[in-house]
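Quick notes on the structure that follows.
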Amino acid sequence: MSGGVRARASVLTLAGFPVVATLQLALVVAPVLLLLSLLPGPLALRVGGPVCMATVGVMAYATWRALHARRVPPAGVPVSRDDAPALWTMVEDAARAAATRPPDGIVVIAEARVTLHERGRLLGLLGGRRELYLGMPPLLVWDGAWLAAAVAHEMAHGSPTTGGRFARVAHRGRLTVGRVVPRISHRNPAGPLLRAYARWYRAVDAPLRRDAELAADRMAAAFAGGPAAVAVLRDLPALQRLQRVFHAEYLGPGWQAGCAPDDIFGGFLRMLAARAEEMAALRAQEPAPPGFWDTHPPAAQRRAAIDTTTAGSVRLPDGDLVPDLPGLGRALQEVSFPAAGRVVVTWDEFFGAARSAEMRREADAALGALSHTVGTIVRTAADVLDLAADGRLGKAAEGVFGDLAPDERSERVIELITLLLALAALDGGAARWRHSWTGTAELVARDGSHLDLRGPAVQASDPATVGTARARLADAGIDPAASGGTSEPRPVVLSGVVNLVVDGARTDLLVAESGLLLVPGLPRGRHGAAKHRLARFAAGGEAAPNGRFVPYAEISGAIQRRRTRRAWDLRLRDGGALSVRTALDSDELPGGWRALDDALAFLARPR
């Protein structure tokens, strides 16, 4: 069967989706109309509206929800012809080689991918504006030939040489169906039939889908050269994996701590340079098999279909495809990673803030447990040293680490004191972080020399040598009572709930990793505005007015009322209390109820 015939069959099967949806709706409408026709006129008029709404209306809405292909475009920076003439020339040459028209626009995005997206309608049967999305990581790392191979592959998807005049519609449809069908909820009454038809559509489209992707790879080789086309297939999955590592290990912790690096993509380049051996190892590995709705065949089949001796026809300029790539990266950072109230710092300061925030969370939990045991608030290393000098630290450790052996309990106490001394040294300016792109950060003295904190911590754990520990700390310029820098890091918000009742007043609540933020609620009738407002507070784009932050360390316990599922009494360490319960119009941000339940369950446990 020729590519044109397969493309025509694929498009006809795609056009069956609206037909199947209409028939399914008709199967609901017909019995309802038959039932109403059997009723007396006045009764039919009285029950007709509610019955139609409960059956036909529900099914119509469910069908629309199932097939609604709304797609939020990724944040990016449009690149005009004046901004990058050489890049536009290369893209137009690739479109000409594929016998298709060039895209209507080029947008640079933060993700490591290259894709041609068309804003189709009616499941892709009708076309729209076409935009080529170029990832900043490939622009930074790849040479011109590799980038040309990736662009040529995307241009080839709409080429009539791969599937006749229906190739573009067929490709657009399979992408849309692959995006829409997996999102159909299992509770959607219109879902089972549509999912079954989608599986049949996929089976009909499978031969064309495979041939089209392999033909696109061959076109990429003919345009940019076989070696470049194969190199892209190996490099792109590795680049995507390292970008995920970069976001999780390098960018995420400091971002959650309330800071933002001044050059995100420059940091990504430095990470790639430092982990070059890991990148080479990832290139040699086979990527994960494609997913059920992925249009691409396995990578090994794609590489085998490319003739590596093919010489490309592309003519690349002597200069850069994008003249001011660093400036483009800074502009992209502003739209893809808006600071939203975070403090913009250098990478060294960013990593220091991330590590310090992690240590503070550990310290808060430990100090909260100590406070609960000794009955007074313990805030700093100086307070712990006072407990040790009075001989009360050992008793408190038994209450906190009672399930451990004595040797293990002593070691945990030393680790806690070391942690608190490190925070005191950082807060007092006696220490700083020395970061490594390949290893863990090291805490060093201000002048970069080695800083020994375990020795004083061992001495501070023994009442007989606490004085010696204080003297050693004073010689090192460390004040155990040092309490933070000029500003507190922004709490990491997990989610939130609107329209709770706290101490009898309407209150919106944000659940953070270190405590609860209580914000006076809006009046009844402004439910939608309340959710939007709380979402802005959670994202950090707006400060919460008159908010009250209650750290978990200041909450000694929580008791759930037996009569209601979500009604709690919180006991504060200063002797106060908070009453928290739901109202009839309480609602959550995504994940709000779960975050609140987890937080209250943690507070209810003995600590």
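Against the definition (touching a residue at least 12 places away in the same chain (Cβ under 8 Å), more than 26 Å from the chain's Cα centre (by Cα) and open to solvent by less than 10 Å² (accessible area, probe 1.4 Å)), how does Leu123 come out, yes or no?
no
Among the numbered criteria (1) farther than 24 Å from Ser556 by Cα; (2) buried (at least 18 other Cβ atoms within 10 Å of the Cβ); (3) at pLDDT below 85; (4) of a type outside the set (Ser, Thr, Tyr), which single criterion is violated by Leu332?
Result: Leu332 fails condition (3) only.
Have a look at Ala257, Ala228 and point out the one that is surrounded by 15 or more Cβ atoms within 10 Å (Cβ to Cβ), under 20 Å from Ser159 (Cβ atoms) and aliphatic (A, V, I, L, M).
Ala228
Can you name the condition, by its number, that Asp294 falls short on among (1) in contact (Cβ under 8 Å) with a residue 12 or more places away in the chain; (2) exposed (fewer than 14 other Cβ atoms within 10 Å of the Cβ); (3) in a helix (DSSP H, G or I)?
Going through (1) in contact (Cβ under 8 Å) with a residue 12 or more places away in the chain; (2) exposed (fewer than 14 other Cβ atoms within 10 Å of the Cβ); (3) in a helix (DSSP H, G or I) one by one, Asp294 breaks only (3).
Need at least 3 residues that are within 24 Å of Leu328 (Cα to Cα) and at pLDDT 75 or above per element, so show me which helices (runs of 4 or more DSSP H) inside the range 1-118 make the cut, counting only ones lying wholly within it.
Where helices (runs of 4 or more DSSP H) fall fully within the range 1-118 and carry at least 3 residues being within 24 Å of Leu328 (Cα to Cα) and at pLDDT 75 or above, they are 85-97.
Among (1) open to solvent by less than 10 Å² (accessible area, probe 1.4 Å); (2) in contact with a helix residue (DSSP H, G or I) (Cβ under 6 Å, 6 or more places away or on another chain); (3) within 14 Å of Glu554 (Cα to Cα); (4) not charged (D, E, K, R), there is one condition Leu387 misses while meeting the rest; what is its number?
Of everything listed in (1) open to solvent by less than 10 Å² (accessible area, probe 1.4 Å); (2) in contact with a helix residue (DSSP H, G or I) (Cβ under 6 Å, 6 or more places away or on another chain); (3) within 14 Å of Glu554 (Cα to Cα); (4) not charged (D, E, K, R), Leu387 misses just condition (3).
Helices (runs of 4 or more DSSP H) wholly in the range 157-275 with at least 2 residues that are under 22 Å from Leu116 (Cβ atoms) and among the charged types (D, E, K, R) - which ones?
Correct list: 167-180, 191-224, 226-245.
Can you tell me which residue is modelled with the lowest pLDDT among those in the range 494-513 that are under 23 Å from the mean Cα position of the chain (by Cα) and open to solvent by 40 Å² or more (accessible area, probe 1.4 Å)?
Glu513
Scan the range 551-562 and tell me whether some residue there is basic (Lys, Arg) and at pLDDT below 80.
Yes - at least one qualifying residue is present in the range 551-562.
Criterion first (modelled with pLDDT of 90 or more, under 30 Å from Ala512 (Cα atoms), open to solvent by 20 Å² or more (accessible area, probe 1.4 Å) and basic (Lys, Arg)) does Arg244 satisfy it?
In short, yes.
Consider the range 519-534. How many of its residues are closer than 18 Å to Ala595 by Cα, open to solvent by 10 Å² or more (accessible area, probe 1.4 Å) and free of Cβ contacts under 8 Å to residues at least 40 places away in the same chain?
Matching residues across the range 519-534 total 0.
Go through (1) over 20 Å from Glu111 (Cα atoms); (2) crowded, with 16+ Cβ neighbours inside 10 Å one by one and return the number of the condition Leu236 breaks.
Single failed check for Leu236: (1).
Can you pull out every residue in the range 447-471 that is free of Cβ contacts under 8 Å to residues at least 24 places away in the same chain and either at positive phi or of a type outside the set (Gly, Ala, Ser) (or both)?
Passing the criteria: Asp447, Gly448, His450, Asp452, Gln459, Thr465, Thr468.
For the range 308-329, which positions are free of Cβ contacts under 8 Å to residues at least 24 places away in the same chain and either open to solvent by less than 30 Å² (accessible area, probe 1.4 Å) or among the aliphatic types (A, V, I, L, M) (or both)?
Gly327, the sole residue that qualifies.
Look at Pro545 and say whether it is modelled with pLDDT of 80 or more, in a loop (DSSP other than H, G, I, E, B) and surrounded by fewer than 13 Cβ atoms within 10 Å (Cβ to Cβ).
The answer is no for Pro545.
Quick one: how many residues across the range 433-466 are in contact with a Gly (Cβ under 8 Å, 6 or more places away or on another chain) and closer than 14 Å to Leu385 by Cα?
Residues that pass the stated criteria total 1.
The values are calculated or read from the model by the stated rules, or taken from the named source; none is laboratory data. Keep in mind it's a predicted model, so treat the numbers as computed, not measured. So basically every Cβ, Gly included, is an ideal-geometry build from the backbone, and we count neighbours across all protein chains shown. Heads up: the accessible areas ignore ligands, DNA and RNA and are worked out on the full protein's heavy atoms, side chains in. Shrake-Rupley method; radii C 1.70, N 1.55, O 1.52, S 1.80 Å.
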